[in-house]
Structure formats: structure tokens, C-alpha cells
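Data block below; observations after.
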Ligand code: NAD
């Protein structure tokens, strides 16, 4: 098995990475930074976002596994003291009655950004946001090439189903099960009064729909793609749709989405 480990860089994560390499070496796993089959993230959800973007060009051929060093993460199933168990399951030595590993695929969103100076396309695991740097943003939102609303406020968040429990949740958006291929558009502090009006509710768009966000004034904007920040002052538009590719996670034991949600927010 060809694998790679990406850690958060703190003492505990680095120590766990060394432990992982040692145990993986004993099982004959091959460390491969270029074309791994499995990428292990050790840290938190943010580390998984880093791992995802590090291997963005190889997403279809990689399966991710997350080990968390603090509280349970959304993208991390394994605790720090469970690395020996994880390695034995990865090497197929789980013993009788061990469930077979499953690959689960989560939808992603593709964001095509058009600036006066050129075009670029990004894939998000959690979300894309468009935010103001110095004042209210003015943006026209079209759905499937038809005008939907003129937005004024702090910004707009477009999240994936697995990202719906992150920033989107803080904005009052719905949590969407990752088996639903959709994107969710949520408002960040929209202005609503007799003059300006937006829908106010989050919108969930299916796979075959798209939305376009047009910048409608000269404005300094902050665009975020997961943890990545991009400053732009010449944005023309952003098209968002569910991406064709998906991210794959290997599940060596079941950990249903709603259990993660309960664990993270209620327990
Ligand atoms: P960070 O370390 O500040 O992480 C923020 C928190 O988001 C962490 O507690 C992390 O565990 C959690 N998180 C990340 N992905 C999640 C997911 N899919 N479901 C539930 N919780 C999740 O920042 P970072 O590590 O650079 O992560 C960037 C992410 O932070 C962004 O993708 C965004 O979702 C999130 N964020 C949230 C807010 C907010 O809730 N107000 C604001 C900015 C960014």
C-alpha cells in the first residue's frame, strides 16, 4: 500500500506521524509523497482541508483517512491512541468479524472565478465564501442563468454537504447529509429593509443547477476556498456548481454522519 501522512505540525501530531511511519513500515507500507493510494491526515478538520488541497490534482485516485489529536473532527474518525488498530485494519489483519473497509464519497463544489485579469477554477471540500473587506458587498445572484436576487450585506457562503456543518452552520444553514449531491447558498448578514431585500433563507441547489454571483460595484473582496484566502479587487463573477469529482474516505469501521453531528454539537 502506498501512503502519505500530512500532520498539523504541532508536537503531538509530529509524534503520531512518526509512530504511524514506524508501524506502517513494519507492515511493508510504502511511503509515497507523489502518488499515494491513501492519505492520512493527523490533526484536526483543518489538517484534512490542507491534505485535500495538497493532493487536489490526484483526488480521484486517493482515499483519505483522518486521525484527530483533539476533540473528534468531522473528517477524522480515529483517536490518537488508535493508530495501531488503524494500521492493523489497513493491512487487512482486523481478525474475524471485522467489517470490510468501505469507501464513502462526498460531493465537492467547483467554483469558477472570472476576474478582469483572467479566470481560475477551484474545488472546495467545505465551502466558498465571498466577503467584504471594507464595507457592504453588492452582488447579483442568478440561479440557472435567471436573476434571483440582488444581495447587499457582509457576504455569501456556498457550502458542500460535508461543509454544511462548518461555516454554513454558523450562518443558520441546514445540515445536509453528504449522500445528497447538492450545494447550499447561505447569506452572511444580509441587509433587509424596505429598500433592499434578499431571500433570507439558505437555498439548497441540486447537482444539475448552478448559481452565478456577479460583483455589482467596484469592491475589495475576500474570497475563501476552505482555509485558503484570496484578495480580489477586480472580480467579475463566480459560478458555483456541484463538482464532477468527489472526495473518497476509507471507513475501516462505521461512523454515521448523524452520529458525528450529535457527537460534535450535542454530546
Ligand atoms: P479553524 O481552525 O478556525 O477551524 C474552524 C473550526 O471549524 C474548527 O473547529 C474545525 O474543526 C471546524 N470545521 C472545519 N471543517 C468542518 C466541518 N466540515 N464540519 C464541522 N466543523 C468543521 O480554521 P481552519 O482549520 O483553517 O478551517 C477552515 C474552516 O473554518 C472553513 O472551511 C470554515 O468552514 C471554518 N470557518 C468557520 C467560521 C464560522 O463558523 N464562523 C468562520 C470561518 C471559518
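The values are calculated or read from the model by the stated rules, or taken from the named source; none is laboratory data. If you're wondering where the values come from, they're calculated on a predicted model, not measured in any experiment. All Cβ positions, even for glycine, are placed from backbone atoms using ideal geometry, and neighbour counts span all protein chains on display.
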(request) Could you tell me which of the residues 212, 226 is surrounded by 15 or more Cβ atoms within 10 Å (Cβ to Cβ) and on the phi > 0 side of the Ramachandran plot? (result) 226
(message) Can you tell me which of (1) surrounded by 18 or more Cβ atoms within 10 Å (Cβ to Cβ); (2) touching a residue at least 40 places away in the same chain (Cβ under 8 Å); (3) within 16 Å of the ligand (Cβ to nearest atom) is the one residue 104 doesn't meet?
(response) (1)
(message) Take the conditions in a loop (DSSP other than H, G, I, E, B), touching a strand residue (DSSP E or B) at 6+ places or on another chain (Cβ under 8 Å), away from the ligand (no atom under 15 Å from the Cβ) and within 28 Å of residue 115 (Cβ to Cβ) and apply them to residue 196. Does it pass?
(response) yes
(message) Restricting to the stretch 199-209, give me the number of residues that are part of a loop (DSSP other than H, G, I, E, B) and buried (at least 17 other Cβ atoms within 10 Å of the Cβ).
(response) 1
(message) Please count how many residues of the stretch 28-77 are within 15 Å of the ligand (Cβ to nearest atom) and in a strand (DSSP E or B).
(response) 9
(request) Return the total of residues in the stretch 77-88 being out of contact with any strand residue (DSSP E or B) (no Cβ under 9 Å at 6 or more places or on another chain) and surrounded by 15 or more Cβ atoms within 10 Å (Cβ to Cβ). (result) 2
(message) Of all residues being surrounded by fewer than 18 Cβ atoms within 10 Å (Cβ to Cβ) and in contact with a strand residue (DSSP E or B) (Cβ under 6 Å, 6 or more places away or on another chain) in the stretch 117-137, which is nearest to residue 192 (Cα to Cα)? Just the residue, please.
(response) 136
(request) Go through (1) surrounded by 15 or more Cβ atoms within 10 Å (Cβ to Cβ); (2) away from the ligand (no atom under 14 Å from the Cβ) one by one and return the number of the condition residue 176 breaks. (result) (2)
(request) Could you please let me know if residue 252 is away from the ligand (no atom under 16 Å from the Cβ), touching a residue at least 12 places away in the same chain (Cβ under 8 Å) and touching a helix residue (DSSP H, G or I) at 6+ places or on another chain (Cβ under 8 Å)? (result) yes
(request) Could you tell me which numbered condition residue 112 fails, if it satisfies all but one of (1) in contact with a strand residue (DSSP E or B) (Cβ under 9 Å, 6 or more places away or on another chain); (2) loosely packed, with under 15 Cβ neighbours inside 10 Å; (3) assigned by TED's automatic domain parsing to the domain that holds residue 162? (result) (2)
(message) With the requirement that a residue be in contact (Cβ under 8 Å) with a residue 60 or more places away in the chain and either in the same structural domain as residue 160 (by TED's automatic domain parsing) or touching a strand residue (DSSP E or B) at 6+ places or on another chain (Cβ under 7 Å) (or both), what does the stretch 54-72 give you?
(response) 56, 59, 60, 62, 63, 64, 65, 66, 69
(request) Can you tell me which residue among 20, 55, 74 is touching a helix residue (DSSP H, G or I) at 6+ places or on another chain (Cβ under 8 Å), under 17 Å from residue 124 (Cα atoms) and surrounded by 14 or more Cβ atoms within 10 Å (Cβ to Cβ)? (result) 74
(message) Looking only at the stretch 106-127, count every residue that is modelled with pLDDT of 95 or more and over 16 Å from residue 245 (Cβ atoms) and tell me the total.
(response) 8
